[in-house]
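Visitor: Input: one structure, supplied below.
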Amino acid sequence: MRGFENDERGDDGTNRDPPVDPEPESSVEPASIAVDGVSRSFGDLPVLEDVSLTVDPGEFVGFVGPNGAGKTTLLRLISGALEPDSGTVTVDGVDVHDVPSKRSSQLVSVVPQDTTLSFSFPVRDVVEMGRHPHRSRFSGPTPEDRAVVERALERTRTAELAARPIDEVSGGQRQRVVLARAIAQATPVMLLDEPTASLDVNHQLETLELVRELVAEGRTVCAAIHDLELAARYCDRLVMLADGEIYRNGRPADVLTGESLSDVFDATATVTRNPITGTETVTAFPNDAGVGVRSEDESDRRVRVHVLGSGQTAAGVVARLATAGERFDVSVGPVTSGDTAAETARSLEVDRLEVAPFESLSPADLTAFEDRIRNADATVVTESVIDSDGAGTRRLLEAVETVAGAVVIATRAEDDSSRAGSTTSPERERGLVATPETILEAIRCALERGRESARPLVDFGSSSSDTGSSSSDGDSSSGVSAESSND
Amino acid sequence: MTRPIRTVAWSAGLAALLVAVVVGSAALGAVSIDPVTVAAAMLNAVVVPSGVVVREVIVPGIGVGLPAPGLEYTPLFSFEVESTHQIIVEDIRLPRIALAATVGSSLAAAGTVMQGFFRNPLADPSIIGVSSGAAAGAVAAIAFPALVPFGSLHLSAFVGALGTAFLVYAIATEGGRTPVATLLLAGVAVQAFLGAMISYMLVQSGDDLRQAVVWMMGHLSNSTWGDVKFALPVTVVGVTILLAYARDLNVLLLGEEDAHHLGVDVERTKLLLLALASLVTAAGVAVAGVIGFVGLVVPHIMRLLVGPDHRILLPTSALAGASFLVATDTIARLGRLPLPVGPAIDTPIVPVGIITAALGAPFFLFLLTRREVHSV
């Protein structure tokens with residue numbers, strides 16, 4: 001996904017112009033923000049409760065959190081648009097609720113999520129409104145006002161729209177015009193409410209790059225950002241809000257964790273490091289994970305699963321199991337350090353047996369592997385392992401054959417049907433085949449069979465209906481399929 | 001063309017149009033006077049203060065004369081004009097024309113402000129009940145003179161207008177905030193109530209019914225220089241202050257929260273705009289009655305011509321409104337279109353409000369069907 005964004009950006013030559021050099025007139029004195037014990041309710045509904053926060057001069061802080069967490073309310077309280085029920089907000093030492101709006105608007109500019117601009121002012125006039133706080137009632141615009149407006153138009157790439165009526169430009173262009181207005185306001189603090197919400201992917205990046213530039217010039221920026229990955233990528237610090245309180249406040253890597261996402265967003269998600277940007281990537285899973293795995297008599301017991309394999313498939317299986325609530329103890333390995341599966345396991349704090357790249361398997365590693373599969377209720381083997389001819393892999397598979405309990409074969413999502421059953425192996429004969437998405441059901445099947453009888457495992461046709469797989473015939477398994485044994 | 005130059009050019013053009021309309025109007029009537037003579041007579045009427053004199057003023061009620069300082073005026077020009085023509089122009093036609101210009105510009109300016117303020121193309125100067133209040137005051141003064149403590153019809157209408165505006169504002173304000181939507185609805189409700197009161201008074205008014213109805217239609221007959229001396233200063237001061245807030249009005253179009261972020265003291269500015277627009281409207285309505293459509297149509301037409309920027313829209317609307325009402329009142333005064341031939345309306349007084357609505361509504365509908373009337 002991230003790679004795609006970069007490609008998109010690269011394809012569009014006009015977006016790769018170097019940023020315009022900041023000029024003195026657009027630089028501002030840095031200012032800090034101090035939110036102290038602020039509470040606010042709407043009617044009987046408390047929206048923010050005792051929120052305290054400081055933002056350092058020249059910092060870019062992102063407000064993240066689920067809908068209704070209070071991000072916009074916090075921005076409105078900082079801007080002075082909304083009076084707090086209790087607590088104070090100071091910007092550069094000035095209480096924004098205690099000064100006329102003319103003064104506070106010289107300190108704080110705001111890019112609201114949506115602006116009502118349904119009348120035909122030319123774009124340039126709308127940007128010029130950003131100079132309102134700096135002008136006296138009776139004077140026309142000064143040359144400086146004009147220069148600041150023109151530069152704001154250039155920096156947001158809206159200069160070519162300057163003469164167009166604002167109600168005739170697109171939603172994304174309008175968003176940039178409003179950003180230009182805020183830039184023209186030349187305030188030390190800028191507040192952005194979902195600045196990228198209505199933008200396409202390259203304009204999102206362009207806008208946030210511009211915001212970073214503004215931060216580099218000394219502006220202090222707070223932004224409510226829905227997109228966690230963009231927030232992690234561009235913000236110095238994230239403030240995660242939940243139910244009107246600050247849940248976490250810190251570096252993106254510390255704020256965006258599987259735990260915090262599960263607590264705040266009620267989502268099952270993994271946070272991994274994006275190999276291209278080096279920032280956090282969030283992958284969410286449907287929240288029904290683990291449903292159907294427990295059986296009546298063993299409802300409280302955790303299921304131990306070991307994963308043998310590498311690459312995408314193993315990573316997918318590990319992520320699915322590790323994020324399926326508290327039901328699984330997952331381990332993985334042996335896996336080469338730096339492999340996708342190893343990285344996923346690391347980010348999810350999954351027990352893993354890592355080996356150095358290009359080294360053969362040591363006896364100690366093999367023993368450790370055998371211990372794990374012996375203790376595991378189920379072992380998942382990826383198809384690539386089964387198809388491999390390497391001597392080390394063969395030894396691992398022999399160990400699986402000897403000591404493992406239930407075995408499930410994990411196959412890649414796309415081409416499982418064509419490959420399932422194409423080669424025969426002992427594992428295929430006794431195991432189940434599933435994609436990472438359907439691995440939970442496959443493990444449940446495997447465990448139930450293990451209880452009912454020793455191998456050979458259950459007849460294929462009946463299990464297919466058990467698992468709720470939609471496939472009408474067994475071979476074309478879009479979901480889970482089991483392979484009957486020849487015995 | 002930059003905006004200041006456009007503003008000046010449009011204003012100059014519309015001022016020239018106003019002068020032409022005024023001269024043309026003063027030339028027309030039962031006695032036709034040629035425009036050059038009219039212009040000369042009008043210039044003869046221009047006076048300038050030339051000194052201070054002390055006059056004896058009789059204090060009413062006590063009957064004692066007290067010396068009071070006053071300004072002495074001298075005519076600036078003395079062109080050769082036949083004295084009957086000078087009297088017809090200066091004392092008969094010009095007061096009415098000046099009052100029409102004053103009321104037209106006050107209604108158009110107030111309408112422009114209200115449409116911007118409410119961000120609603122249907123807003124007119126009376127949207128918060130100013131006209132209804134004026135009508136209630138006027139009808140009360142006509143039908144029940146004994147009940148109105150101040151004898152003057154104009155004063156009664158003026159007090160009724162401002163009292164209603166204040167009442168609506170007070171009803172809509174809570175905790176220092178006046179939501180525009182509440183204001184609008186409070187205005188509608190108060191107008192409905194006053195409408196009932198007016199209808200009741202009309203039913204009870206007996207012989208005064210005709211006078212009351214003519215007043216409510218809006219008319220400028222029997223205008224005097226005294227009316228102009230009352231309405232003109234209020235309009236000039238009010239519109240001038242409104243012009244100084246044209247940029248704030250622009251920013252308010254973005255919505256109140258954005259306006260706050262751009263340094264507009266929203267509640268104070270709203271109060272000021274509302275108070276001035278209502279004052280200007282009240283001054284016009286008090287002397288001329290309820291003249292409809294000027295305050296609704298003229299701002300729309302000017303918005304089509306010059307755009308939505310109040311820095312140019314407000315002064316040009318005020319000037320265009322003046323020309324519009326002078327022209328329509330001329331038709332009302334003549335009782336027919338100022339053409340060599342045409343139907344004459346055989347009534348002693350044609351309320352100008354009938355003419356403005358009769359001409360304004362079709363024109364507005366024409367614009368509407370051309371889809372040229374945008375939201376504000």
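Visitor: For the range B:175-190, give me the residue count where each residue is outside any helix (DSSP H, G or I) and either closer than 14 Å to residue B:270 by Cβ or touching a strand residue (DSSP E or B) at 6+ places or on another chain (Cβ under 9 Å) (or both).
Guide: 4
Visitor: So, residue B:138, is that one open to solvent by less than 50 Å² (accessible area, probe 1.4 Å) and closer than 22 Å to residue B:354 by Cβ or not?
Guide: yes
Visitor: Would you pick out the residues in the range A:98-125 that are more than 8 Å from chain B (Cβ to nearest Cβ) and touching a helix residue (DSSP H, G or I) at 6+ places or on another chain (Cβ under 6 Å)?
Guide: Of everything in the range A:98-125, those that are more than 8 Å from chain B (Cβ to nearest Cβ) and touching a helix residue (DSSP H, G or I) at 6+ places or on another chain (Cβ under 6 Å) turn out to be A:111, A:123.
Visitor: Here is a check on your reading of the model: is residue B:46 in contact with a Phe, Trp or Tyr (Cβ under 8 Å, 6 or more places away or on another chain) and open to solvent by 40 Å² or more (accessible area, probe 1.4 Å)?
Guide: yes
Visitor: I've got another one for you. In the range A:367-391, which residues are buried (at least 16 other Cβ atoms within 10 Å of the Cβ), part of a helix (DSSP H, G or I) and either modelled with pLDDT under 80 or not acidic (Asp, Glu) (or both)?
Guide: The answer is A:369, A:372, A:373, A:384, A:385, A:386.
Visitor: Select from the range B:109-126 the residues that are of a type in the set (Asp, Glu) and buried (at least 24 other Cβ atoms within 10 Å of the Cβ) and list them in ascending order.
Guide: none
Visitor: Now for a separate question. Return the residues of the range B:87-101 that are among the β-branched types (Val, Ile, Thr) and open to solvent by 10 Å² or more (accessible area, probe 1.4 Å); say none if nothing qualifies.
Guide: Hits for the range B:87-101 are B:87, B:88, B:92.
Visitor: Just to be sure I understand the filter: pairs with C-beta atoms under 6 Å, separated by 6 or more residues or on different chains, first member in the range B:175-203 and in contact (Cβ under 8 Å) with a residue 12 or more places away in the chain and open to solvent by 30 Å² or more (accessible area, probe 1.4 Å), second member in a helix (DSSP H, G or I) and hydroxyl-bearing (Ser, Thr, Tyr). Which pairs pass?
Guide: Going by the 6 Å Cβ cut-off, the qualifying pairs are B:191/B:132.
Visitor: From the list B:161, B:140, which one is more than 12 Å from residue B:286 (Cβ to Cβ) and in the same structural domain as residue B:259 (by the TED database)?
Guide: Just one listed residue meets the conditions, B:140.
Visitor: From B:214, B:298, B:306, which residue is within 30 Å of residue A:165 (Cβ to Cβ) and away from chain A (no Cβ under 14 Å)?
Guide: B:298
Visitor: For the structure I just gave you, tell me whether residue B:285 is modelled with pLDDT of 90 or more and within 14 Å of chain A (Cβ to nearest Cβ).
Guide: Here the answer is no, as residue B:285 does not meet what is asked.
Visitor: Out of A:151, A:181, I need the residue that is in contact with a helix residue (DSSP H, G or I) (Cβ under 7 Å, 6 or more places away or on another chain) and farther than 18 Å from residue B:264 by Cβ. Which one?
Guide: A:151
For every residue, the table says whether it meets (1) in contact (Cβ under 8 Å) with a residue 12 or more places away in the chain; (2) surrounded by fewer than 23 Cβ atoms within 10 Å (Cβ to Cβ); (3) touching an Asp or Glu at 6+ places or on another chain (Cβ under 7 Å); (4) within 14 Å of residue B:251 (Cα to Cα).
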| site | (1), (2), (3), (4) |
| --- | --- |
| A:100 | no, yes, yes, no |
| A:111 | yes, no, yes, no |
| A:115 | yes, yes, yes, yes |
| A:119 | yes, yes, yes, yes |
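Visitor: While we're here: Give just the number: which of (1) part of a helix (DSSP H, G or I); (2) among the hydrophobic types (A, V, I, L, M, F, W, C); (3) at pLDDT below 80 does residue A:341 not satisfy?
Guide: So the condition that residue A:341 fails would be (3).
Visitor: Run residue A:137 past the list (1) of a type outside the set (S, T, N, Q); (2) more than 8 Å from every other protein chain (Cβ to nearest Cβ); (3) open to solvent by 20 Å² or more (accessible area, probe 1.4 Å) and report the number of the one that doesn't hold.
Guide: (2)
Visitor: Also, I was wondering about something else. Would you confirm, using the coordinates I've provided, whether residue B:241 is at negative phi and within 14 Å of another protein chain (Cβ to nearest Cβ)?
Guide: yes
Visitor: Return the pairs, sorted by first residue and then second, in which the second residue is hydroxyl-bearing (Ser, Thr, Tyr) and not in a loop (DSSP other than H, G, I, E, B), the first residue lies in the range A:150-168 and is farther than 18 Å from residue A:204 by Cα and at pLDDT 90 or above, the beta carbons are less than 7 Å apart, and the residues are 6+ apart or on different chains.
Guide: Every condition considered, the pairs that remain are A:151/A:26.
Visitor: Is it true that some residue in the range B:269-283 is basic (Lys, Arg) and open to solvent by 50 Å² or more (accessible area, probe 1.4 Å)?
Guide: no
Visitor: Just the residues that are open to solvent by 10 Å² or more (accessible area, probe 1.4 Å), in a loop (DSSP other than H, G, I, E, B) and more than 23 Å from residue A:130 (Cβ to Cβ), please, taken from the range A:50-98.
Guide: A:56, A:66, A:67, A:68, A:83, A:84, A:85, A:93, A:98
Visitor: Please go through the range B:141-173 and give me each residue that is open to solvent by 30 Å² or more (accessible area, probe 1.4 Å), of a type in the set (A, V, I, L, M) and more than 21 Å from the chain's Cα centre (by Cα), ordered by number.
Guide: Listed by number, the residues that qualify are B:146, B:147, B:167, B:170, B:171.
Visitor: Of the residues that make up the range A:79-96, is at least one under 20 Å from residue B:268 (Cα atoms), within 13 Å of chain B (Cβ to nearest Cβ) and among the β-branched types (Val, Ile, Thr)?
Guide: Yes, the range A:79-96 contains a residue that is under 20 Å from residue B:268 (Cα atoms), within 13 Å of chain B (Cβ to nearest Cβ) and among the β-branched types (Val, Ile, Thr).
Visitor: Condition check: under 17 Å from residue B:123 (Cβ atoms) and within 14 Å of another protein chain (Cβ to nearest Cβ). Does residue B:313 satisfy that?
Guide: Considered against the rule, which asks whether it is under 17 Å from residue B:123 (Cβ atoms) and within 14 Å of another protein chain (Cβ to nearest Cβ), residue B:313 comes out as yes.
Visitor: I'm trying to understand the selection: among the residues of the range B:232-265, which are over 23 Å from residue A:123 (Cα atoms) and without any contact (Cβ under 8 Å) to a residue 40 or more places away in the chain?
Guide: The answer is B:233, B:236, B:237, B:240, B:241, B:265.
Visitor: I would also like to ask the following. Against the condition in a loop (DSSP other than H, G, I, E, B) and either among the hydroxyl-bearing types (Ser, Thr, Tyr) or within 10 Å of chain B (Cβ to nearest Cβ) (or both), how does residue A:130 come out, does it pass?
Guide: Here the answer is no, as residue A:130 does not meet what is asked.
Visitor: Answer yes or no as to whether residue B:239 is open to solvent by 10 Å² or more (accessible area, probe 1.4 Å), within 22 Å of residue B:124 (Cβ to Cβ) and out of contact with any Phe, Trp or Tyr (no Cβ under 7 Å at 6 or more places or on another chain).
Guide: yes
Visitor: Taking the options A:233, A:237, name whichever one is without any contact (Cβ under 8 Å) to a residue 60 or more places away in the chain and assigned by the TED database to the domain that holds residue A:154.
Guide: Result of the check over A:233, A:237: A:233.
Here is a yes/no grid of residues against (1) in contact with a His (Cβ under 8 Å, 6 or more places away or on another chain); (2) open to solvent by less than 70 Å² (accessible area, probe 1.4 Å); (3) over 17 Å from residue B:142 (Cβ atoms); (4) aliphatic (A, V, I, L, M):
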residue	(1), (2), (3), (4)
B:210	no, no, no, no
B:214	no, yes, no, yes
B:217	no, no, no, yes
B:222	no, no, no, no
B:232	no, no, yes, yes
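The values are calculated or read from the model by the stated rules, or taken from the named source; none is laboratory data. Keep in mind that this is a model prediction, so the values were computed, not measured. A quick note on method: Cβ atoms are made from the backbone with ideal geometry, for glycine too, and the neighbour counts reach across all protein chains shown. Surface areas here come from the heavy atoms of the whole protein model, side chains and all, with no ligands, DNA or RNA. Shrake-Rupley method; radii C 1.70, N 1.55, O 1.52, S 1.80 Å.
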